[in-house]
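In what follows, a single structure is set out as structure tokens and then discussed.
The values are calculated or read from the model by the stated rules, or taken from the named source; none is laboratory data. None of these values were measured; they are calculated from a predicted model. Because the Cβ atoms are built from the backbone with ideal geometry, glycine has one as well, and the counts that use them run over all protein chains shown.
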Amino acid sequence: LTLTSQTSSESGVSVAVHTSQTFTNLTVKTENSLPTPNKGTKIKNPIKSKNSKTRISQFTAEETALLDEFNRYLEPRLANGDTQTEIVGEILKRYGYSCRISQANISLMARRIAIPKDEKTIAAIRNWIAIEKQS
């Protein structure tokens, strides 16, 4: 079986497959051949938060430091068998049930995808970090 490939000027790849007696020509579309927008076309941000309580991707230096510190204490707890839901329960008990934190918030922060915007939630996370530092 011999494969030869040639790139054509079109948005595809032309491949000739040669077996003992048969030639078959295939045209394969490549995934990176996306249409280019016309001039003046605005490309919408592909990452949008459906939840208005989280901010996605671009973090300030202070938020990045908070994520780093949070993950420094979260990872060993998860490695020891604690679940994200149990950690949320601890945060709610220690800070009070007025903050809006959930297992989804913990998961997004652990993966560095999003951080809560609510000041009460940020304060609760900082409080949890402070208590984790002491123990």
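Working carefully through the options ASN127, ASN105, ASN71, find the one that is touching a strand residue (DSSP E or B) at 6+ places or on another chain (Cβ under 6 Å) and either on the phi < 0 side of the Ramachandran plot or among the aromatic types (Phe, Trp, Tyr) (or both).
From the options ASN127, ASN105, ASN71, the qualifying one is ASN105.
So in the range 74-92, with the set limited to residues that are in a helix (DSSP H, G or I) and charged (D, E, K, R), which one is surrounded by the fewest Cβ atoms within 10 Å (Cβ to Cβ)?
Let us first name the residues in the range 74-92 that are in a helix (DSSP H, G or I), namely 74-79, 84-92.
Subsequent filtering for residues that are charged (D, E, K, R) retains 75, 77, 86, 90.
On the way: GLU75: 11, ARG77: 15, GLU86: 13, GLU90: 14.
It comes out as GLU75.
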- request: Considering each of GLN58, GLN84 in turn, give the residue that is modelled with pLDDT of 55 or more and within 26 Å of GLN134 (Cα to Cα).
  value: GLN84
message: Anything in the range 93-120 that is surrounded by 16 or more Cβ atoms within 10 Å (Cβ to Cβ), modelled with pLDDT under 90 and assigned to a helix (DSSP H, G or I)? List them, or say none.
response: TYR95
